[in-house]
Amino acid sequence: MAGPLALGILVSGRGSNMEAVLDAIGAGQLDAEVRVVLSDVESAPALRTALSRGVPALHIPTGKYRTRLSDEAEKEWVRVLREHGVEVIALAGFMRMIHETILSAFAGRIVNIHPALLPAFPGLHGQRQALDYGAKVAGCTVHFVNEGMDTGPIIGQRVVRVEADDTEQSLSARILEQEHELYPECLQLLAEGRLRIDGRRVRILSAQDALRKECNDPSG
């Protein structure tokens, strides 16, 4: 991809990972530009935060379903994302499943961050699941998005030790610190063209191999 990575960020709540991405861009650690922030929740604090930082931010109706976007809503979301020139979608606390319309429009270009060490503890409340299971370590995972719930190929992970006196809140806070570092790092690898999906695995190319791949790619 030539130039900064053109990101669209999807949020449902406060958007702390969105802020981490914006901070990394501002610090010169992530070669990207957030073109638009979209939310399924009209009152999401992330929308106000994005607007305060000069990023276009919109609430778009989701249709009749509680846990996913309707087919018609997905078409509208795709239209808005394309209108803003988005190349890659980053989910940042987006609490709805996405399906064929968005997945096909941005195939291999949708990423998510999840507060657990996938494939363990997918879905909601990964931190609570880890504590209830008695896990000794927890963490976070950045992965490509496919049709399943937190089942896409894994890009990167960070491990967090579970302490004996941890609560869901204390463990979540320490995991969130790692999320804020890991997500921009993985997005930077994507910006540099260094990620290749190979079945279930994501290969991280060296900078030299990525450059050779770009030079040999007639579509690049």
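Just so you know, all these numbers are worked out from the coordinates, no wet-lab data involved. Computed from a predicted model, the values in this text were never measured in an experiment. Note: ideal-geometry Cβ built from the backbone for every residue, glycine included; neighbour counts use all protein chains shown.
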Along segment 76-93, what does the Karplus equation 6.51 cos²θ - 1.76 cosθ + 1.60 (θ = phi - 60°) give for ³J(HN,Hα), rounded to whole Hz, x for Gly and Pro?
5, 4, 4, 4, 5, 4, 5, 4, 8, x, 6, 9, 10, 9, 10, 7, 9, x
Taking R0 as 45 Å and r as the Cβ-Cβ distance between Leu58 and Gln208, the FRET efficiency 1/(1 + (r/R0)^6), rounded to the nearest 0.05, comes to 0.65
Using the Cα atoms as the points, what is the convex hull volume per residue of segment 19-89 in Å³?
94
Within the under-9-Å Cβ sphere about Glu100, not counting Glu100, Lys/Arg +1 and Asp/Glu -1 give a net charge of -3
On a full-extension model of 0.36 nm per residue, what is the gain between Met97 and Val137, subtracting their alpha-carbon distance, rounded to one decimal in nm?
11.7 nm
Taking the simple approach of a point 7 Å from Cα along Cα-to-Cβ for both Met149 and Arg79, what is their distance in nm?
3.1
Ellipticity estimate at 222 nm from DSSP helix runs (n ≥ 4, -39,500 (n - 2.57)) divided over the chain, nearest 500:
-11000 deg cm²/dmol
Please list, in order along segment 58-70, the HN-Hα scalar couplings obtained from phi with the Karplus expression 6.51 cos²θ - 1.76 cosθ + 1.60 (θ = phi - 60°), rounded to whole Hz, x for Gly and Pro.
9, 9, 10, x, 10, x, 8, 8, 8, 10, 8, 8, 5
Rounded to the nearest 0.05, what FRET efficiency do Gln29 and Asp165 give with R0 = 35 Å and r taken as the Cβ-Cβ distance? Could you check?
0.55
Add +1 for every Lys or Arg and -1 for every Asp or Glu among the other residues with Cβ under 13 Å from the Cβ of Ser39, and state the total.
+1
I'd like the distance separating the alpha-carbon centroids of segment 189-209 and segment 146-188, in whole Å.
20
Across Gly156, Gly148, Gly123, the residue with the highest GNM fluctuation in the chain (Cα network, 10 Å cutoff) is Gly148
Count charges around Asp71 for me, please; just the other residues with Cβ under 12 Å from its Cβ, Lys/Arg as +1, Asp/Glu as -1.
-1
If you keep only loop residues by DSSP, which chymotrypsin sites (Phe, Trp or Tyr not before Pro) in segment 11-95 have at most 16 other Cβ atoms within 10 Å of their Cβ?
Tyr65
